[in-house]
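Heads up: the structure comes next, in structure tokens.
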Amino acid sequence: MTTGDGARTGLRERKKYETRIALSWAAIRLAVERGFDNVRVEDIAAEVGVSPRTFNNYFTGKAEAVATRHLDRARQIAVELRARPASEPLWEALEHAVAAQFTLGQDRERNVPDEQWATGIRLVLTEPAVRGELARVGAAVETELAAAIADRTGTDVEHDLYPRLVAAAVAAAVQVATLHWVHTGSQGPVAPLLQDTIRQLAAGLPVP
């Protein structure tokens, strides 16, 4: 049974999570509309109806706010992988973990037009300040995924090459598939392309 204190704590955490998402989307939306350099922290906070101080409780700056949606999804791939059935082959589990996370993320969070969302992804992947933020935490994200892969395969993340190699390959596949989706102007969801990318990795990247 959930206690009153537990329910209040859960509500607070949910509120914080929703505020963090709202601030991130506001940062992306304003950067798309005005250009990254023309957006201030004060503008982002005002868009969500909070103070700049509240913004600073969540992010160190606007680059982190813009990048956080991509980073959260990347981290959740490891969470999703751990939740997959133990009997499922690794690459099949990775395929489902990647596709499910991006699909669920779109269904839950996509309250902006498709074109704006695509432009936001392009911004995340090309804006130097945002790329710097992604690079800063990218190693930690890959480490989390490598740990989940090691647990699933019975390997040692500290001594075996395999889990870190697979984690790096999956991270690169997600970036390549997303860039391809954006640059080709695809109108469909990105999840099927991500699945195809993981399948090609699983097959050993056969020559077309």
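Okay, here's what the table says:
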{"quantity": "Matching entry among Thr155, Thr126 (being modelled with pLDDT of 95 or more, of a type in the set (S, T, N, Q) and open to solvent by 20 Å² or more (accessible area, probe 1.4 Å))", "calculated": "Thr155"}
{"quantity": "Enumeration of residues in segment 50-65 that are within 15 Å of Val137 (Cβ to Cβ), assigned to a helix (DSSP H, G or I) and of a type outside the set (Asp, Glu)", "calculated": "Tyr58, Ala63, Ala65"}
{"quantity": "Search result, residues across segment 158-208 that are assigned to a helix (DSSP H, G or I), small (Gly, Ala, Ser) and either open to solvent by 40 Å² or more (accessible area, probe 1.4 Å) or touching a residue at least 24 places away in the same chain (Cβ under 8 Å) (or both)", "calculated": "Ala167, Ala168, Ala169, Ala171, Ala172, Ala173, Ala191, Ala202"}
{"quantity": "Test: residue in segment 88-98 that is closer than 28 Å to Gln200 by Cβ, assigned to a helix (DSSP H, G or I) and at pLDDT below 85", "calculated": "no"}
{"quantity": "Of all residues in segment 49-99 being of a type in the set (A, V, I, L, M, F, W, C) and more than 23 Å from Thr197 (Cβ to Cβ), the one that is most open to solvent (accessible area, probe 1.4 Å)", "calculated": "Ala86"}
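The values are calculated or read from the model by the stated rules, or taken from the named source; none is laboratory data. In this text, all values refer to a predicted model and were calculated from it rather than measured experimentally. Don't worry about glycine lacking a Cβ; one is built from the backbone with ideal geometry, like all the others, and counts go over all protein chains shown. Please note that ligands, DNA and RNA were not included when accessible areas were found on the heavy atoms of the full protein model with its side chains. Shrake-Rupley method; radii C 1.70, N 1.55, O 1.52, S 1.80 Å.
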